[in-house]
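Here's the structure, in structure tokens; my notes come after.
The values are calculated or read from the model by the stated rules, or taken from the named source; none is laboratory data. Just so you know, these numbers come straight off a predicted model, no measurement behind them. All Cβ positions, glycine included, derive from the backbone under ideal geometry; neighbour counts span all protein chains shown.
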Amino acid sequence: MPKDFLTLADWSAEGLLALLDRARELKQLRQQSKGHQTLPGRVLAMFFEKPSLRTHVTFEAGMTQLGGHAILLRPEQVGIGTRESPQDVANNLSCWVDGIVARTFSHALVEELARVARIPVINGLTDLLHPCQVMADLQTIAEKCALKDAVIAYLGDGNNMANSLILGAAVLGLELRLATPASHRPALRVRKQADELAAASGAKISWSEDPVEAVRGAGFIYTDTWASMGQEDERELRKKIFQAYQLNAKLLAQSDDAYAMHCLPAHRGEEITDEVLDGDRSLVLVQAENRLHAQKAVLERLLGAPR
């Protein structure tokens, strides 16, 4: 089992499926108001360079529900790269806590923390990847159909969400159709890695510039913001580039039974309309809820393991 949870590509299909099975059990336990404090006395440090609602609350609430505790560390408080080197931060935290969640701009920084730390490091989001969100997404999809039968379409920017969905599909052997402008395809390094993984798993990963082609017959249609954190200055330009990829009622109608998905936060009226986001085919709030359960499964597996 990997020490860290930085990218889905580090995990086997069996490992990811075991996490999803446990996430399902943890959700049932919470719904039944049954205790499941499997991490008593464990402490999680949460280093966040970026604003957060879901990642912050679900990790802190998750640790509390598992019997542990979480500590929020702000960048101005820690000063990685100014007051402290990443190496010194990782070494010091390894003396005091049982795990680290890092939500950063640079993916290399999370990799460096994981390389040095003697404790597990979890990627809470970087500009390259968002694996915890995809675990919640896979749990959400699995509640509607067997994962092996799912046909997933992703529309819009080839950002960290697209990258992580590609890797999740490649490891698990899923069908994923991506529709992005040619100028905004997912990262080349991720696509190459996914191709290697898909060759072994049998995953069907395709790309098109045509959103209608991607969503026709799909069971799950996924989108994300067109301007991620740090790209706010490009927002007006990106609106023009991605307008044809908006997830609206007309596009949703291309697949009779498709569900709408979004990792949030959403810019209503841009990448997704209110009608779809709040409609009866939306799984968006289920995805948000499942962040709690999927991450608890990851925390249990990493922080509960003997070290």
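Details
- Tally of residues being in contact with a helix residue (DSSP H, G or I) (Cβ under 8 Å, 6 or more places away or on another chain), surrounded by 14 or more Cβ atoms within 10 Å (Cβ to Cβ) and part of a loop (DSSP other than H, G, I, E, B) across the stretch 13-64: 5
- Qualifying residue in the stretch 115-138 (condition: part of a helix (DSSP H, G or I), at pLDDT 95 or above and farther than 28 Å from Val286 by Cβ): yes
- Every condition in (1) farther than 19 Å from Thr126 by Cα; (2) over 20 Å from the mean Cα position of the chain (by Cα) is met by Phe220 except one, and the failing one is (2).
- Just one residue in the set Leu277, Leu197, Leu252 is over 30 Å from Thr64 (Cβ atoms), outside the structural domain of Val101 (by TED's automatic domain parsing), under 21 Å from the mean Cα position of the chain (by Cα) and crowded, with 19+ Cβ neighbours inside 10 Å; that residue is Leu197.
- Listing of helices (runs of 4 or more DSSP H) fully contained in the stretch 230-292 that carry 3 or more residues being of a type in the set (D, E, K, R) and out of contact with any Phe, Trp or Tyr (no Cβ under 6 Å at 6 or more places or on another chain): 235-242
- If you go through the stretch 63-78 and keep only what is over 17 Å from Leu303 (Cα atoms) and free of Cβ contacts under 8 Å to residues at least 12 places away in the same chain, you end up with Glu76, Gln77.
- Members of the stretch 79-103 found to be more than 24 Å from Gln133 (Cβ to Cβ), touching a residue at least 24 places away in the same chain (Cβ under 8 Å) and either not assigned by TED's automatic domain parsing to the domain that holds Phe48 or not small (Gly, Ala, Ser) (or both), listed by number: Gln87, Val89, Asn91, Trp96
- Of all residues assigned to the stretch 169-186, none qualifies as being in contact (Cβ under 8 Å) with a residue 40 or more places away in the chain, part of a helix (DSSP H, G or I), out of contact with any helix residue (DSSP H, G or I) (no Cβ under 8 Å at 6 or more places or on another chain) and within 21 Å of Leu125 (Cα to Cα).
- Exactly one residue among Ala227, Ala200, Ala218, Ala214 is in a loop (DSSP other than H, G, I, E, B), over 21 Å from Leu128 (Cα atoms) and of a type in the set (A, V, I, L, M, F, W, C), and that residue is Ala218.
- Matching entry among Gly79, Gly156, Gly168, Gly99 (being farther than 30 Å from Gln246 by Cβ, crowded, with 20+ Cβ neighbours inside 10 Å and either touching a Pro at 6+ places or on another chain (Cβ under 7 Å) or not polar (S, T, N, Q) (or both)): Gly99
- There is no residue in the stretch 176-191 that is touching a Leu at 6+ places or on another chain (Cβ under 9 Å) and over 24 Å from Arg238 (Cβ atoms).
- Checked against the criterion of being closer than 30 Å to Asp256 by Cα and out of contact with any His (no Cβ under 8 Å at 6 or more places or on another chain), the candidates Ala150, Ala117, Ala90 yield just one match: Ala150.
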